[in-house]
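Student: Input: one structure, supplied below.
The values are calculated or read from the model by the stated rules, or taken from the named source; none is laboratory data. These numbers were taken from a predicted model, which means no experiment stands behind them. Cβ placement follows ideal geometry from the backbone for every residue including glycine, while neighbour counts extend to all protein chains displayed.
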């Protein structure tokens, strides 16, 4: 530090001088009159002049109890007024506990004190409310047993524990996310298994065929079915080709694989007989079950996701609402108490230090940035513009590449695919070109994005977000492009073609074809993921640790980057969602894949990785995962939705082969119901119902919005009251020391120093526009009035 | 530890269950961990008061920068030594099931180095110093940081955080509930 005062300091000093008068205002004003009774002092306290006391009543009893408890429990109060003894307090607490508002275990007291409280309570309970308490207890007990039971069911508890201990909660949340997805896929699989696969295996007696009202389709259907031969045994005659053919087929989902329950095309368009009594036959409508189950797996996924993300979202909304509290979060919630590993602890120290330093640095940079000159700004913006154009170009080029690859694969297959002389490996390679292109792009392009963002000179945090956003776009765009390409290939069909080909290409069952594409992507994703882990990450660690001195600076140990890994599994979940409709058993593969990946990732993490130097917070990440998942979920709904309501189902295969759209099965079923039910359904579908329903929803939305605004105002008011409370304390202390004639000089001095500093702080920030120059009582009281009237006004409006 | 379940009567276990956030099994697990800290003395007397040095050998505490404060706060004798009940208390507060407000109260005590009921500048400095480990922040950085902290949290501008202010600020710190816990 140089001797000459920095400009900032000078300013600060001046401000201090200026503000001193202002802050002294409320304190010195009452002291002008020399003789004041205690009563007057109390009356002139800042809060008494506002409606503070009223609000105290409003806050209710429990709040008062709590403040009393915390005041006594956690600190020896400055002004010791605890003469009334501990008993009152204990009684109050006991009462509160007995009423079931809190539990004995919530007391911040040592075990002995709690036990004492428990004894007291038992005495109390004998006196009064008998059955209610015992019912409560039984309920609690059963709840505890349930909790015990579920704790036993928790999968991967110990691996999670060791991950948490070594790498902290940020990375743990990634693995928790993975576990959650595993269960989601398991649920989807069970649904598909129970309602689609099992019935089609068990109920073997056919009752009727599902057909469209227009009977003309039936002949084409029969014709097409005979044309569609997914598995031709005659091609498998030469025995020496047998094994390799099987492997190739398994990887492509063709041949014998296509002829299984894995794919859409294998399911029948029949109504199966379950059981018949004398006058009634129980039947199972397979097409209807297929459609409803598919819809319900989307619905269940959505509900589970929303449920999971709601809490996290609330938290992160609260925290994003005021960026205000980042430092407190970093300091008071900075240390991860779960860490039990020395190296991890060192890293955590480093991480916290790094984070705090960068934050402080960033603050300074921001202050500097505000002073950026016009020329610099101009240059920076043009650089950013160019980079963004470049990014768009890359995305576009990627899209085109995927389009080109999938068109090429299809054309090549229709040209040479049926030719028995073509090498089967070449065939495999060609059919995999779209998947290979997508996977390749996903590997290379993010690295380019990573480099590009460096030129743009964003703040570090925003930089991460920006790269992530672009990568998400890439991932989703590549899947979207593939689906788009597929759409152009399938959607042109008129089914006039006697060969039953969709458009001009060699597809007779487009749903299975889409399913195969998804299946290939899933397999590809799995193979690449495994290969990268085994053949890149492990050797890297081996080499780096072997030539430690030479290579450590150049290559370095691998960092476990959460965002990238999350994108990977979200991507594979996207594939699973889309694919499940066209290949009902795909979730089983996804479950296995997730299961293997969990152990693979954990192994790689434990052996190869060091914690990332860029910290990633647990609370933030959970929301982030869910938001990305939701976005990709929406992307999944669109193609499947179009497939269900718009595109003609293939004539040759699948449960909907004779219908004009898949959704027709629902209308057909409703038409078969009694008239009254049908009418209700049609009414629900009509504008007469939908318009009022939407209106009501809008009104509800508005109501809750108004409510949340009111709550926000309430928070602001309470904040002001807290400030007032502090002012009260200040004011009272001031009076006390004045009256004592500063018998406690150190205290007084300290207070004086604090008052000075307070002035400085006040000069720097006037939070909520709350200004010290205005007399403090005015602001809160007006704010309070505002607020009390607000809910009423909302009610009046209703 | 073969007969750990025989260490406690059913009544004792039931009472502990009511006084902590643990199930019976978890309580026995906590006892096992306590036992492993110093097998001879616990075997002799299960209510033995273990010196804090022994307690610090718990892996989570060993690397924890606030281990002495944690022991002080939970010690019913006030000198940092913990009996089993204190230990159980501690693990209960740090468990997943403990509600946020309980955790906040204890966190406040832990961070309140001079136990005067307020977090003042020196408390905050100590907290930050312990968080950053051996390499400390420079003086100017520390000043800037403490200023920022007060700016965020010190609503009544008296240069110290009262419990109410601390509670308020923690309610806005989403990571707290994740970080202030020790897995059993």
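Student: What number of residues within the range B:100-110 are within 7 Å of chain A (Cβ to nearest Cβ) and farther than 17 Å from residue A:338 by Cα?
Tutor: 4
Student: Taking the stated definitions as given, is residue B:31 on the phi < 0 side of the Ramachandran plot, within 14 Å of chain A (Cβ to nearest Cβ) and at pLDDT below 85?
Tutor: no
Student: Taking residue B:62, is it within 16 Å of the chain's Cα centre (by Cα), facing chain A (nearest Cβ under 8 Å), surrounded by fewer than 19 Cβ atoms within 10 Å (Cβ to Cβ) and at pLDDT 85 or above?
Tutor: Yes; evaluated as a whole, the condition is true for this residue.
Student: Can you find a residue in the range B:36-53 that is without any contact (Cβ under 8 Å) to a residue 60 or more places away in the chain, within 23 Å of residue B:79 (Cβ to Cβ) and within 12 Å of chain A (Cβ to nearest Cβ)?
Tutor: Yes: one or more hits.
Student: Now for a separate question. Test residue B:85 against the stated conditions and say whether it is within 10 Å of chain A (Cβ to nearest Cβ), within 19 Å of the chain's Cα centre (by Cα) and either at pLDDT below 85 or over 27 Å from residue A:353 (Cβ atoms) (or both).
Tutor: yes
Student: Now for a different question. Restricting to helices (runs of 4 or more DSSP H) lying wholly in the range B:116-183: which have 3 or more residues that are within 20 Å of the chain's Cα centre (by Cα)?
Tutor: Answer list for the range B:116-183: B:121-132, B:163-171, B:176-179.
Student: Any idea which residue in the range B:167-184 is farthest from residue A:358 (Cα to Cα), counting only those that are buried (at least 23 other Cβ atoms within 10 Å of the Cβ) and in contact (Cβ under 8 Å) with a residue 24 or more places away in the chain?
Tutor: B:180
Student: Tally the residues that are surrounded by 18 or more Cβ atoms within 10 Å (Cβ to Cβ) and more than 8 Å from chain A (Cβ to nearest Cβ), restricting the search to the range B:131-149.
Tutor: Final tally of qualifying residues: 2.
Student: Residues A:362, A:376: which one is over 18 Å from residue B:180 (Cα atoms), assigned to a helix (DSSP H, G or I) and touching a residue at least 40 places away in the same chain (Cβ under 8 Å)?
Tutor: Criteria check complete, one pass: A:362.
Student: Of the conditions (1) outside the structural domain of residue B:175 (by TED's automatic domain parsing); (2) assigned to a helix (DSSP H, G or I); (3) more than 23 Å from residue A:348 (Cα to Cα), residue B:21 clears all except one; give me its number.
Tutor: (2)
Student: Here's another thing I want to ask about it. Would you mention how many residues in the range A:325-349 are in contact (Cβ under 8 Å) with a residue 60 or more places away in the chain and facing chain B (nearest Cβ under 8 Å)?
Tutor: 6
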